[in-house]
Amino acid sequence: MFQAALERYRDLQGIPLRRSLEREGPVGEVLRDFFDAAIANLMKNDGKGCLMANTTTELALHDEKIFKICSGNARQLEAAFSGLLARAQQQGEIADDRPIVQLARFLVNTMNGLAVTAKATRDRKTLKDVVDVALSALGL
């Protein structure tokens, strides 16, 4: 039952977030809006965090089916970031020599870090500072 609930959560929360990365506009703005929405979600419910991130850190190591859902979710997010970053390169917003897949993985890690930091600090400013540095590292 928990597996079904996690898959439903992935669909209800993850699909709209990933789709937000497909919208038109300057890539820096798209990413800023994405992370602002993520921070807003993470700050709900007294900073209890993200079910997917919580499950990844607590259960994925011990349950192969849960691992597959969590790792699949991360790969989907990585693919969405990769598509957006490829568009940024095409539009000249980031340098052509920047490795898209590595940058996408950095952004997935940033997202995961935000989920943990939200629980540890419950401080929106701290989360926004992390996003500012991540976008700066991309040159956006």
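Just a few scattered comments:
- Neighbour cut-off at most 14 other Cβ (10 Å), DSSP loop, GluC sites (Glu not before Pro), region 18-98: 22, 24
- Gaussian network model of the chain, springs between alpha carbon atoms under 10 Å - residue of 28, 92, 72 with greatest fluctuation: 92
- The residues neighbouring residue 35, those whose beta-carbon lies less than 10 Å from its own, together hold a net charge of -1 under the Lys/Arg +1, Asp/Glu -1 convention.
- Percent RCO, i.e. relative contact order, over region 48-106, from Cα pairs under 8 Å lying at least 6 residues apart: 24 percent
- Annotation: the residues 136, 20, 71, 82, sorted from fewest to most other C-beta atoms within 10 Å of their own C-beta, follow the order 136, 71, 20, 82.
- Coarse-grained scattering of the chain at q = 0.14, 0.21 Å⁻¹, given as base-10 log I(q)/I(0) from a Debye sum over alpha-carbon atoms: -0.64, -1.33
- Neighbour net charge for residue 104 - beta-carbon separation under 13 angstrom, K R +1, D E -1: +4
- When the alpha carbon gyration tensor of region 9-63 is reduced to an equivalent ellipsoid, the three semi-axes, largest first, read 25, 14, 9 Å.
- Working note: 222 nm ellipticity from helices only, DSSP H runs with n ≥ 4, each -39,500 (n - 2.57), summed and divided by the residues of the chain, gives -24000 deg cm²/dmol to the nearest 500.
- Contact order relative to length of the chain, as percent, for alpha carbon pairs under 8 angstrom and 6 or more apart: 30 percent
- Close Lys-Lys pairs in the chain, where close means Cα under 27 Å and separation is 8 or more or interchain: 12
- From least to most packed, judged by other beta carbons within 10 angstrom and beginning with the fewest, 125, 44, 119 follow the order 125, 44, 119.
- Look at 59, 6 and count the other Cβ atoms within 10 Å of each Cβ; fewest to most, that gives 59, 6.
- Residue separation of residue 24 and residue 57 scaled by 0.36 nm, minus their Cα-Cα distance, works out to 8.6 nm of gained length.
Laboratory data are not the source of any read-out in this text; all were calculated from the coordinates shown. Treat the numbers as computed from the prediction; the structure is a model and nothing was measured. All Cβ positions, even for glycine, are placed from backbone atoms using ideal geometry, and neighbour counts span all protein chains on display.
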